[in-house]
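The values are calculated or read from the model by the stated rules, or taken from the named source; none is laboratory data. These numbers were taken from a predicted model, which means no experiment stands behind them. Please note: Cβ atoms are built from the backbone with ideal geometry, for glycine as well, and neighbour counts cover all protein chains shown.
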């Protein structure tokens, strides 16, 4: 680094860094008390849009899925230049045969659910209707955060946190310090929003393939309000402080372990090929860490402007609304059909019943399906636990469902659809790793706390 280079630290850049980052942190990460719990301003924006759309939201979602699917079919057959040579349109509509089929399946599901016809196995409230409702929520999340996310990612706060927290985060988790922002955003916001944030950081060259895959599958925890909802659903809301403390402890242990074992440890540690490495958290010898953190933060803020917000926001909106949501809808519906309409999870969970039984968990075989069914959706385990009598078993398996993280309907489908090298089988292996490692830890904590 040329020590004579002009410093980026000046009043204008400092104000852009401080005020822009403060706005981003306020929207994504500051907990706001609300109805006995707390939420974020981003959540308020999402709920405002849901209320604004009202009953018409399902029709808006249906229209977006249909347009995205039919345009992808047209692009696949005709290969028009006006789509393929446009950055935003190609991101939304150009796809592979597998994803094209997925989008067309998503279109069939959303049309059936929206207009109330077709087999119940698809339109049931436990399958297709659940996924359509989730996608309606995703539409509101994408619309509310796409043009706000640049304030969190492009104003300098991630660079600042990256340098300051690198001495802690890098040795523990083998990821850049800036990943701490993803973690906090997820804790107070939504796991799918955190996955999208990680994907965008990878696409911009701030994470390697291995780092992005690891952050998506270890840092994208469900929000604290959702943890409270699970505790209330399974009847242990009175134990919430120790319940959530157990989730945090086990989540950190899993994150420390999983970055050091396959498949994460075997993934390429290379950056997105088109942009290359953009990360710079190494502190020059002639500068203090705080001075360097301010320098690179102000340099990042210097490039931030209205065009940055609009361009980044449009890229996320087009990719998420027309490409991601139809795919999530298709895969999520298929996963829920298998979970709800077949005995597959009862069969495959029998070994987990023995595992729980050996560890002394009461009602082990009755609770076993809830230990694996979370791979499809994060709320289904809580529904299966409502019939369990043992408070300790509810505590253990309820907390397990929240540290497993890799839910196909929320995190998995988004991760697979990203350009990060994650596929169904890798996600399944990591899900099983998290499950097997977490259960003994949660049994130990339950025996200590209860």
(message) Among the listed residues 432, 441, identify the single one that is modelled with pLDDT of 95 or more, part of a helix (DSSP H, G or I), surrounded by fewer than 23 Cβ atoms within 10 Å (Cβ to Cβ) and in contact with a helix residue (DSSP H, G or I) (Cβ under 6 Å, 6 or more places away or on another chain).
(response) 441
(request) Would you check if there is a residue in the range 218-231 being part of a loop (DSSP other than H, G, I, E, B) and at pLDDT 85 or above? (result) no
(request) Output the residues belonging to the range 416-429 that are touching a residue at least 40 places away in the same chain (Cβ under 8 Å) and assigned to a helix (DSSP H, G or I). (result) 416, 417, 426, 427, 428, 429
(message) Tell me which helices (runs of 4 or more DSSP H) are completely within the range 15-128 and hold 3 or more residues being in contact (Cβ under 8 Å) with a residue 60 or more places away in the chain, or say none if there are none.
(response) 41-53, 57-78, 87-93, 97-115
(message) If the requirement is being in contact (Cβ under 8 Å) with a residue 60 or more places away in the chain, over 22 Å from residue 224 (Cβ atoms) and part of a helix (DSSP H, G or I), which of these qualifies: 413, 446?
(response) 413
(request) Considering only the range 240-251, state which residues are in contact (Cβ under 8 Å) with a residue 24 or more places away in the chain and either under 26 Å from residue 415 (Cβ atoms) or crowded, with 22+ Cβ neighbours inside 10 Å (or both). (result) 243, 246, 247, 249, 250, 251
(request) Could you please find all residues in the range 285-305 being touching a residue at least 12 places away in the same chain (Cβ under 8 Å), more than 17 Å from residue 170 (Cα to Cα) and surrounded by 13 or more Cβ atoms within 10 Å (Cβ to Cβ)? (result) 292, 294, 295, 296, 297, 298, 299, 300, 301, 302, 303, 304
(request) Those residues that are within 27 Å of the chain's Cα centre (by Cα), at pLDDT 85 or above and in a helix (DSSP H, G or I), I need them from the range 347-380; list them, please. (result) 348, 352, 367, 368, 369, 370, 371, 372, 373, 374, 375
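Return the residues of the range 276-291 that are more than 11 Å from residue 207 (Cβ to Cβ) and at pLDDT 85 or above; say none if nothing qualifies.
Hits for the range 276-291 are 276, 290, 291.
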